[in-house]
Amino acid sequence: MQPNIILASASPRRRELLDLVGIPYTVVPADIDESMRGAELPAVHVERLAREKALAIATRHPDSLVIAADTIVVIDGRIMGKPRTEEEAAEMLAVLSGITHTVVTGMACALNGRLESSVDDVSVTFRTLSAQEIQEYVETGEPMDKAGSYGIQGFGATIVRRIDGDYFAVMGLSLVRLVELMQRFGVRYHFGGATRST
């Protein structure tokens, strides 16, 4: 019998991705402290947060397969989170303009007391943006709830020149990695929109 699947995230992008491949789920957002711990490396940080989110929900729903993730943008070792203001969003975009940065997504799955996790690094290169373009993009509102102040699946698709890695990891949930994590629990993805226990 296949377990119920819970997405421990309120992210509309992650919901879109599960819908895209027909994985049935319910949403139960995890509320944890996402602060950095000391000199935590970016990959360690996102994997820890994904694991903590999964565990926070799994303790209340141990028989469900809990999916959690966290995504950050990194440039020269500096982590860019979600902007707090439009001014901060514009500043982030100005820094990213014309250069390559790294998107790091940590993912975790939990079921019946077990926890599995992984991390994906993706290189993303922006085209050079004018101050006017940055302002117009910020005014769309799209950058305001996204790490690094852009969404690759929306208007932000027009500012990304190149991606080296998993496009869906940049969106916030690597689908191929998710299927691999699910398989570790004996839960197999079935093409056509379902999951089956093996």
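Taking θ as phi - 60° and the Karplus parameters 6.51, -1.76 and 1.60, the scalar couplings of region 108-113 work out to 8, 10, 10, 6, 6, x Hz in sequence order, x denoting glycine and proline. Pairs of alpha carbons in the chain separated by more than 24 Å make up 39% of all such pairs.
Applied to region 15-21, the Karplus parametrisation 6.51 cos²θ - 1.76 cosθ + 1.60 on θ = phi - 60° returns per-residue 3J(HN,Hα) values of 5, 4, 5, 5, 4, 4, 9 Hz, with x for Gly and Pro.
Working from label points 7 Å from Cα in the Cα-to-Cβ sense, the THR59 to ARG114 distance is 2.2 nm. Fully extending the segment from SER97 to HIS190 would add 29.5 nm, taking 0.36 nm per residue of separation and subtracting the current Cα-Cα distance.
Using a cutoff of 8 angstrom between alpha carbon atoms and counting only pairs six or more residues apart, the relative contact order for region 93-198 works out to 26 percent.
Taking the fewest neighbouring Cβ atoms within 10 Å as the starting point, the ordered list for TYR137, TYR25, TYR167 is TYR167, TYR25, TYR137.
No value in this document is a laboratory result; all are computed from the given coordinates. For clarity, every value in this text was computed on a predicted model and none was experimentally measured. Using ideal geometry, Cβ is built from the backbone for each residue, glycine included, and neighbour counts are taken over all protein chains shown.
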